[in-house]
Amino acid sequence: MTAQDLIGRRIEVLDKGFVELVDLMPHPAMGVSGDLAIVNAARVSFLGESKGGEADKKLLFYLLRHEHTSPFEMVEFKFRLRCPLVTYWQLVRHRTANLNLQSGRYTPFEENDFYVPSVWRKQSKSNKQASEGELDPAESDELTRKLVAHYEQSYTLYEEALEKGVSKEMARLFLPGFSVYYTGVWKIDAHNLMRFLRLRMAQEAQYEIRAFANAIHEFFREALPWTAEAFDLYVLKTR
Ligand SMILES: Cc1cc2nc3c(=O)[nH]c(=O)nc-3n(C[C@H](O)[C@H](O)[C@H](O)COP(=O)(O)OP(=O)(O)OC[C@H]3O[C@@H](n4cnc5c(N)ncnc54)[C@H](O)[C@@H]3O)c2cc1C
């Protein structure tokens, strides 16, 4: 797949979410790959230019190995994300990214805008903020039925409030906050994206954000193959 094909590509995540690559800098139409843009930025340090394939790749690996990270900030990814709020809650902690979200004050929520998990994970015994194992299928089905009924009831109350003339910004108080799906545009440079991926693809991260991080990693790997290789070698392996 070429970098040009990546723009506009969408990967479905969870039950109703997705990650779509909206834009990339450098844009593929410029004819300079992201990996080369990183190398070119690094060579500015000594006013040099690309020395061709192998030497360029070697330099890129050297940069990441020695944490000379600012050249990686010269590449930027812009994604359109549709995630449940529980995922945005974690995404916004990555302060070096830029985010613009749909407005619940402006756009009414649709009935199917809630996350329904496929399994119910149990509380981990060893880690207070993690999960491990799953409920058995019968218990799981019962809980899912209750969750969907809860969503339906909440949404009915939301609609009732709107019908009474309540503003959208207040009517949404009836909606189950953590589960509601939001669409947003999220922009991040390759250096900070690697920080994000290292933290959010890790086993300790919540399953839902891991699912989004894994999809984002697919775009990263396709757009920056050398950087992704160096990331596996120097960032993930030393975690
Ligand atoms: C498993 C896990 C559990 C977590 N639990 C919690 C939790 O319970 N509560 C909670 O609030 N967060 C929690 N977080 C979020 C975590 O504390 C970080 O905020 C988040 O991972 C973003 O990392 P970051 O600061 O490196 O990224 P970014 O915000 O993108 O920042 C990148 C780097 O830029 C620099 N930087 C950015 N902003 C500043 C600043 N204002 N001042 C100085 N340097 C800055 C730092 O060097 C930082 O490492 C958790 C994260 C993980 C992975």
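The values are calculated or read from the model by the stated rules, or taken from the named source; none is laboratory data. These numbers were taken from a predicted model, which means no experiment stands behind them. Counting neighbours? That spans all protein chains shown, and the Cβs are built from the backbone with ideal geometry, glycine included.
On the given criteria, is L224 surrounded by 19 or more Cβ atoms within 10 Å (Cβ to Cβ) and near the ligand (Cβ under 10 Å from one of its atoms)?
no
Report, by residue number, each residue of segment 69-100 that is surrounded by fewer than 20 Cβ atoms within 10 Å (Cβ to Cβ), away from the ligand (no atom under 16 Å from the Cβ) and farther than 20 Å from R210 by Cα.
M74, N100
In segment 1-95, which helices (runs of 4 or more DSSP H) lie fully inside it and hold 3 or more residues that are closer than 30 Å to R172 by Cα?
Passing ranges, in order: 85-91.
Say whether the condition of being over 29 Å from G133 (Cβ atoms) and part of a loop (DSSP other than H, G, I, E, B) is met by at least one residue in segment 152-164.
yes
Restricting attention to segment 165-186, which residues are surrounded by 15 or more Cβ atoms within 10 Å (Cβ to Cβ) and either within 12 Å of the ligand (Cβ to nearest atom) or part of a loop (DSSP other than H, G, I, E, B) (or both)?
Result: V166, L175, P176, W186.
For E204, which of the numbered conditions (1) assigned to a loop (DSSP other than H, G, I, E, B); (2) under 23 Å from T107 (Cβ atoms) fails to hold?
Of the numbered conditions (1) assigned to a loop (DSSP other than H, G, I, E, B); (2) under 23 Å from T107 (Cβ atoms), the odd one out for E204 is (2).
Collect the residues in segment 215-239 that are β-branched (V, I, T) and farther than 17 Å from G34 by Cα, keeping them in residue-number order.
V235, T238
Do we find that K146 is more than 16 Å from the ligand (Cβ to nearest atom) and either surrounded by fewer than 12 Cβ atoms within 10 Å (Cβ to Cβ) or assigned by TED's automatic domain parsing to the domain that holds A228 (or both) in this structure?
Judged against the criteria, K146 is a match.
Considering only segment 188-221, state which residues are aromatic (F, W, Y), under 10 Å from the mean Cα position of the chain (by Cα) and more than 10 Å from the ligand (Cβ to nearest atom).
Selection gives F212 alone.
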